[in-house]
Amino acid sequence: MHDSILRLESKTVDVVIKTHPFAEILYWGPHLQYFSPQDVHSLSRPIANGRLDVDSPITLMAELGHGLFGSPGIEGHRQGQDGSPVFKTINVQHQGQAVTVTAEDELAGLRLTSEMTLDQSGVLVVRHGLTNLRALAWQVDRFAVTLPIAERAHEVMAFHGRWIHEFQPHRVKLEHDSFVIENRRGKTSHEHFPALIAGTPAFGEMQGDVWGAHLGWSGNHRLRAEAKTDGRRYLQAEALYLPGEMAIEEGDTLWTPRLYASYSPCGLNGMSQQYHRYLRDNIIRFPENKPRPVHLNTWEGIYFNHDPDYIMRMADEAAALGVERFIIDDGWYKGRSDDCRALGDWYLDEEKYPQGLTPVINHVKSLAMEFGIWVEPEMISPDSDLYRAHPDWVLALPGYKQATGRHQLVLNLNIPQAFDYLVERMSWLLGEHAVDYVKWDMNRELVQPGHNGKAAADAQTRQFYRLLDVLGERFPHIEFESCSSGGGRIDYEVLTRSHRFWASDNNDALERNTIQRGMSYFFPPEVMGAHIGHHKCHATFRQHAIEFRGLTALFGHMGLELDPLTVDADEREGYRRYAALHKQWREVIHHGTQWRVDMPDASTLAQGIVSQDKKQGLYIVSQLAMPDYTLMMPLRMPGLEPGAQYRITLLDHPNIRLTGKGGHTMRKLPEWMETSQTASGEWLMQAGIALPILDPETAILIGVERV
Ligand code: DGJ
């Protein structure tokens with residue numbers, strides 16, 4: 001028995017796996033210093049009365065044949081037969097942090113290959129492959145990754161959302177049933193970010209055991225947290241298949257998407273920090289090792305009104321404000337006068353750009369900025385030359401009228417000619433122009449996605465990946481942003497082939513505070529596009545001062561989303577100031593350790609980023625609504641070196657006015673704001689600093705520096 005026990009170890013997390021006769025995860029929790037394989041006997045379960053006479057494990061594939069009675073990891077059949085596989089291990093390969101278990105069910109004619117890697121960051125990555133060993137196709141209804149979690153996990157956190165309101169967390173109790181999220185929108189979706197976090201009751205940013213699971217997949221998905229009637233619990237995640245969509249032919253293998261799992265004994269910050277480190281070490285790859293350039297994106301500045309002379313003037317102003325990358329958004333291609341037409345016609349609009357794009361690009365480059373351009377290749381407008389020539393290139397089921405979304409249809413990337421057309425057109429755009437960056441959009445959901453009469457959402461997602469892979473290989477110097485109406489396609493798998501996310505189409509600083517916080521649970525700041533928008537937000541019509549907008553965009557990959565020529569000098573000075581502030585601190589922001597701080601007043605959001613060497617820390621406190629109490633609660637500053645002394649500095653703040661000088665919420669500022677103060681890291685972490693009383697919809701930036 002002991003031979004069949006193996007352990008994957010990291011500094012923070014261990015996973016103990018029993019491999020024979022069938023594989024089973026016995027433990028996923030804190031790193032064990034004194035583990036020996038015989039320890040696992042202590043967990044050998046009793047057999048309850050009135051139930052099966054045998055123990056029923058939650059195996060790696062969670063097969064029903066072991067007497068699971070919960071949601072299985074595999075469901076399918078071969079023309080009604082071979083529908084209840086039970087896998088027996090035939091081979092185990094264990095090397096360092098990785099193990100591959102191969103198992104077979106000879107009766108069902110199926111082979112299962114399970115790959116598990118525990119990264120140094122503490123993140124466990126799991127995927128399964130299912131191979132059909134028989135002549136007839138095996139029809140897959142479900143194929144999931146299942147991870148048992150400890151019985152003390154009684155609460156689950158998930159994210160809901162919608163367009164311009166993404167990444168909103170909510171919690172449910174996990175006592176006796178299942179909690180399921182399902183996404184059928186054909187892309188990662190604004191609605192259901194593919195992740196679940198289970199934890200001990202009332203887990204928070206700094207306390208509680210948490211088990212996070214994110215499915216790296218940009219298509220339909222299903223995630224489940226299940227409490228069995230015997231009290232055991234597990235998380236499960238899978239690509240969701242439409243009826244008849246997935247079958248495995250003889251000799252073929254279907255892989256699940258990768259599940260990225262992060263356990264932390266010290267709350268959500270620990271979980272996120274492991275995820276961030278994992279991404280930095282393994283997935284985020286910029287073509288060049290250089291600071292993330294500050295953007296100006298033209299969309300909310302000029303929409304479809306493209307005039308090259310005017311755009312060049314915008315570029316002049318952008319460069320003067322400190323912008324480092326200038327991106328022309330939607331509206332540059334043939335006939336694209338509004339969002340009702342022209343998608344698919346990836347030729348330059350020569351009426352708008354009679355001299356071509358090159359003079360604009362050259363101008364942008366002469367200002368020492370990079371050049372970026374927007375595309376939405378997966379789409380086709382009914383009013384387009386492409387559609388008129390190839391109406392049969394739409395992703396649809398024959399006989400049904402395909403619904404439009406934002407007046408557009410989806411191009412069927414499974415048609416080789418359509419795929420090749422896109423490769424050719426994108427290669428023209430990216431190969432014949434000095435493009436450094438592509439904003440890759442995708443603005444609608446898939447409804448009845450079909451190819452050759454069969455459901456094809458999964459196939460379309462795979463072709464999207466292939467298209468990005470082909471272009472990424474052909475143009476390795478170009479960065480790609482995954483934008484899907486902002487926030488609609490954010491996940492780890494698309495990040496393996498892209499470099500930035502447009503987090504939301506909502507640039508309202510108040511809304512962005514919660515959206516960005518939600519995203520921070522899984523993604524570090526350097527891949528989160530965060531732009532300063534118009535004074536009056538285009539999504540909500542709320543108005544915010546530049547200080548609030550500037551600080552809200554600071555802890556991301558910063559940009560401007562506006563026309564700098566149409567605003568007054570004060571506004572422009574604000575853009576310049578925050579672009580400069582971001583550049584001053586971006587080394588810390590894009591490489592440091594991020595901490596979300598629990599504040600007793602739910603209307604206060606606080607977060608910090610501490611440099612790897614703990615010499616510098618930045619903390620932003622955002623007051624979203626009227627504070628609950630007369631005084632704001634002290635800010636504790638996590639992540640510092642306890643024994644070091646730090647100088648506290650106010651780096652940026654709203655226009656704070658005191659009573660007597662115009663009348664406001666404070667008579668006197670906290671002392672540290674008026675006289676220079678230092679304190680130990682320990683004190684700042686445990687006791688903190690008094691905060692000034694902030695008005696609703698304002699924020700301040702506080703810095704600490706080791707002395
Ligand atoms: C949706 C994106 O999220 C916006 O930023 C913009 O690029 C528009 N599409 C353009 O159509």
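Take residues that are over 25 Å from GLY688 (Cα atoms) and tell me which of the strands (runs of 3 or more DSSP E) falling wholly in region 537-625 contain 3 or more. Working first, answer last.
Working: elements: 557-561, 593-597, 604-610, 616-623.
Filter on region 537-625 gives 557-561.
Can you tell me how many residues in region 381-409 are in contact (Cβ under 8 Å) with a residue 60 or more places away in the chain, within 16 Å of the ligand (Cβ to nearest atom) and closer than 25 Å to LYS454 by Cβ? Before the answer, list the steps.
First, the residues of region 381-409 that are in contact (Cβ under 8 Å) with a residue 60 or more places away in the chain: 395, 406-408.
Now drop any that are not within 16 Å of the ligand (Cβ to nearest atom), which leaves 406-408.
Those still in the list that are closer than 25 Å to LYS454 by Cβ too: 408.
So the answer is 1.
Just wondering, is there one or more residues in region 97-111 that are acidic (Asp, Glu) and surrounded by fewer than 18 Cβ atoms within 10 Å (Cβ to Cβ)?
Looking only at region 97-111, we keep the residues that are acidic (Asp, Glu), and these are 104-106.
From what's left, surrounded by fewer than 18 Cβ atoms within 10 Å (Cβ to Cβ): 106.
Yes, there is a match, as at least one residue in region 97-111 is acidic (Asp, Glu) and surrounded by fewer than 18 Cβ atoms within 10 Å (Cβ to Cβ).
Determine, yes or no, whether ARG576 is closer than 20 Å to PRO654 by Cα, out of contact with any His (no Cβ under 8 Å at 6 or more places or on another chain) and within 16 Å of the ligand (Cβ to nearest atom). So ARG576 fails the test. Which count do you get for residues in region 309-352 that are of a type in the set (D, E, K, R) and within 11 Å of the ligand (Cβ to nearest atom)? The total comes to 5.
I need the full set of residues from region 636-647 which are assigned to a strand (DSSP E or B) and crowded, with 20+ Cβ neighbours inside 10 Å, in order please. Steps first, please.
At the first step, the residues of region 636-647 found to be assigned to a strand (DSSP E or B) are 645-647.
Result: TYR646, single match.
All of HIS557, HIS582, HIS591 fail the test of being within 16 Å of the ligand (Cβ to nearest atom), more than 21 Å from ILE302 (Cβ to Cβ) and of a type outside the set (Phe, Trp, Tyr), apart from HIS557.
Can you spot a residue in region 353-372 that is within 30 Å of VAL294 (Cβ to Cβ), within 15 Å of the ligand (Cβ to nearest atom) and surrounded by fewer than 20 Cβ atoms within 10 Å (Cβ to Cβ)? Lay out the reasoning, then the answer.
Kept after step one, since they are within 30 Å of VAL294 (Cβ to Cβ), are these residues of region 353-372: 353, 355-372.
Still in the running and within 15 Å of the ligand (Cβ to nearest atom): 372.
Still in the list and also surrounded by fewer than 20 Cβ atoms within 10 Å (Cβ to Cβ): none.
No, region 353-372 contains no residue that is within 30 Å of VAL294 (Cβ to Cβ), within 15 Å of the ligand (Cβ to nearest atom) and surrounded by fewer than 20 Cβ atoms within 10 Å (Cβ to Cβ).
Within region 436-463, which residues are hydrophobic (A, V, I, L, M, F, W, C), away from the ligand (no atom under 16 Å from the Cβ) and either crowded, with 22+ Cβ neighbours inside 10 Å or assigned to a helix (DSSP H, G or I) (or both)? Steps first, answer last, please.
Taking region 436-463 and keeping what is hydrophobic (A, V, I, L, M, F, W, C), we get 438, 440, 442, 446-447, 455-457, 459.
Now restrict to residues that are away from the ligand (no atom under 16 Å from the Cβ): 446-447, 455-457, 459.
Listed by number, the residues that qualify are LEU446, ALA456, ALA457, ALA459.
Does GLU481 meet the test of being touching a Gly at 6+ places or on another chain (Cβ under 6 Å), more than 20 Å from SER272 (Cα to Cα) and modelled with pLDDT of 95 or more?
On the way: touching a Gly at 6+ places or on another chain (Cβ under 6 Å): no; more than 20 Å from SER272 (Cα to Cα): yes; modelled with pLDDT of 95 or more: yes.
When the stated conditions are applied, GLU481 does not pass them.
The values are calculated or read from the model by the stated rules, or taken from the named source; none is laboratory data. Bear in mind the structure is a predicted one, so any value in this text is a computation, not a measurement. With ideal geometry, Cβ positions are generated from the backbone for all residues, glycine too; neighbour counts draw on all protein chains shown.
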